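Just so it is clear, none of the values below were taken in a lab; they were calculated from the coordinates. If you're wondering where the values come from, they're calculated on a predicted model, not measured in any experiment. Neighbour counts are summed over all protein chains in view; Cβ atoms, including those assigned to glycine, are modelled from backbone coordinates with ideal geometry.
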Amino acid sequence: MMSMALPQPPDPALPAASAVPLLRLREVCVAYPTASGAAVPVVRNVDLQLAPGEILGLAGESGCGKTQLLLSILGLNGPHALVSGSVNYRGQELVGLRTAELNAVRGARIAMVFQDPATALNPYLRIGAQLIEMLRAHARVSERQARERAFEMLEAVQIGDARRRLRQYPHELSGGMRQRVVIAMALMASPEMLLADEPTTALDVTVQAQILRLLRELCERRGIAVLLVTHDMGVIAELADRVAVMYAGRIVEQAPVETLFERALHPYSEALQACVPRLDGPAVQRLASIPGVPPDPAALPRGCAFAPRCAYHLPICQERVPPLLQTTAQHWKACHYEGPLGRLRDSAA
Amino acid sequence: MNTVPAPLLAVENLCVDYHVRVDGQRAWLHAVSDVSFQLAGGQSLGIVGESGSGKSSIARALLRLVPAAAGRVYFEGQDLLQLSGRELRRMRRDLQLIFQDPLASLDPRMSVGDTVGEPLRMFEPALSAAARSARTTAMLEAVGLSVQHLHRLPHEFSGGQAQRIAIARALITRPRLLVCDEPLSSLDVSIKSQIANLLMQLQRELGLSMVFISHDLAAVRFACSHVLVLYLGRVMELAARDPLFSAAGHPYTRALLRAALPRAPRPARARAHVGLSGEIPSALRPPSGCVFRTRCAYAVERCAREQPALRRVADSLVACHRAEELAAEPPLATLAG
């Protein structure tokens, strides 16, 4: 695709993409020490895999640990975080790598797309300079080659008049345009994977639809895998191939996107869908809702963290943490309850 | 909105302008242009539109938090824009506001009891401390908090609880009109439906009228009896909820509905469909004629020349030259799935 010296995938001898995941997380835990000495766990024993070209949605509410999990992949949790477990990227273990070694992965193999394009861009630098810097940090290319690449990437994210845009500053662009620039920047060094943290949350609905379509097209055309963090099940429905639902630091359900929307097995996954008001169907007087608030990670309940809010909880739920178990080939859930769901759907009227 | 009794709120030709500097030049930004609507007691009007459409400017101008450049805002027959400062302050007990960011809207150094009770101190100074305290506690309980929260400070609360406090503070004087500016937007999914249910329940119980500003069409469909669709400060469409959501009359309303995210994954082909291209233009340089024409799939030459008036088409008021042709087209079949 490009003639210049861009970073190449590390090991061309690796088996076919489908056989080996691009990214494999094993028992990843993130905790933060507190003044009292006890560490507060924010991500608890997460196992995840991502295949090349796949879009995995990580869904959950604020504080569930989804962003901390995302950051742990590139060692970005900050100096005080206690990160354990394994983050294996194409056979390379990333947890415990030195900063210099991690920097060879960050941006080059795995790039980030942040939520707020206004703060992800440097207001003092022209768009072109920021894009060029991104590439030259990772590849030995001339300024001219890098500028040409920047132009190509702006066109790839469908920014018109790209030559002129390169000379503009972030404030001269609209919010949607800035998010396109952030995506173009992530693409500069030809990564195999994007970590996208609420990439459309700051945007208007009409622009959100455009950016989601753009992300899908880019992934399909370039074979880029995406780990997509969002609180919005609509974004998951629109973009993800597979979904992992997080609650209180754990994955509570994981399934292909159609399966999760048709046959969610965890009460919390059901709630995330049922609580949202609808644009179709009969008008209702009350929305389905779940009582209470998510638990404080420093004071997690014994047993299942969702049990105090759960419409289906059993005596055992207060005693034992339900393990994440495989129910069918691609479906995993962490819930003691085995009966049918549907109570939340029916509670709206 | 045709209401036979005198409306609680009647807004006529409201305009809000901001004085700005662009490249060192002074200029006027027309944030709200010629907006009119009426609201009867107990009705709730949703105002929808993208960022920069002027939604919040309308809310603020209604309460005189920003000056109106022109127009009238009749509240129970009295023009709020003409009131003196003293008269306006007296009126404020009937007009309350809830903001998007609940934690930012609370004084971090005031206890919950003082925050919620303060409007009573202001508007019912004759009330004894004991009576005020009783009313405060009752109000807290009505929003799902309890007496044990009275002495806590805002930072001890989650966003959802803070929004409950803001609602309690707004409703304790039993206002007639509640203006909510994105009251659910900063809340998490599981909390959002709790607060939406609470607002609706209190609205019904108290017979409140509401102006509900939101970019979330589904939330507006749940919360509002009527909907006003705004674009670059102008009314595109004004209708009762059901006609608006089942047979939107304006191309912009249709585009907004089409851009809304699905409730479940759609077949691959449908994903390629995006409601609207481009972004809302700058209010400093609005397009000539119909302000929406630069993004409208139905725009014709006339749209650049002539600004469409708001007129009745089917069950809506629509500002579009081609509204009759559009009304003849089949309704949207895009929300399924």
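Tabulated data for the structure shown
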{"read-out": "Value at 222 nm in deg cm²/dmol, rounded to 500, when DSSP H runs of n ≥ 4 in chain A each add -39,500 (n - 2.57)", "value": "-8000 deg cm²/dmol"}
{"read-out": "Loop trypsin sites (Lys or Arg not before Pro), segment A:180-221, which have at most 13 other Cβ atoms in a 10 Å radius of their Cβ (DSSP)", "value": "none"}
{"read-out": "Relative contact order, percent, segment B:16-166 [alpha-carbon distance under 8 Å, six or more residues apart]", "value": "18"}
{"read-out": "DSSP beta bridges in the protein assembly as shown [antiparallel fraction, %, rounded to 5]", "value": "60"}
{"read-out": "DSSP-defined beta bridges in segment B:132-268 - what % are antiparallel, rounded to 5", "value": "55"}
{"read-out": "Selected from B:Ile165, B:Ile280, B:Ile47 as most flexible by GNM, with chain B as the system and alpha-carbon contacts under 10 Å", "value": "B:Ile280"}
{"read-out": "Charged-residue dipole, Cβ positions (Lys, Arg, Asp, Glu), segment B:162-255 about Cα centre, Debye nearest 20", "value": "200"}
{"read-out": "Table column - 3J(HN,Hα) (Hz), segment B:97-104, Karplus curve with 6.51, -1.76, 1.60, x for Gly and Pro", "value": "9, 10, 9, 5, 9, x, 5, 6"}
{"read-out": "Trypsin sites (Lys or Arg not before Pro) restricted to segment A:286-349 and DSSP loop, no more than 16 other C-beta within 10 Å", "value": "A:Arg286, A:Arg302, A:Arg320"}
{"read-out": "For chain A, built as a Gaussian network whose Cα springs stay under 10 Å, the top-fluctuating residue of A:Ser190, A:Ser86, A:Ser36", "value": "A:Ser36"}
{"read-out": "Between 0 and 90°, nearest 10: helix B:159-171 axis offset from chain B longest Cα axis", "value": "80"}
{"read-out": "Sparse-neighbourhood loop sites, chymotrypsin sites (Phe, Trp or Tyr not before Pro) in segment B:1-76 - DSSP loop, at most 15 other Cβ within 10 angstrom", "value": "none"}
{"read-out": "Chain B, helix-only ellipticity at 222 nm - DSSP H runs n ≥ 4, -39,500 (n - 2.57), divided by all residues, nearest 500", "value": "-9000 deg cm²/dmol"}
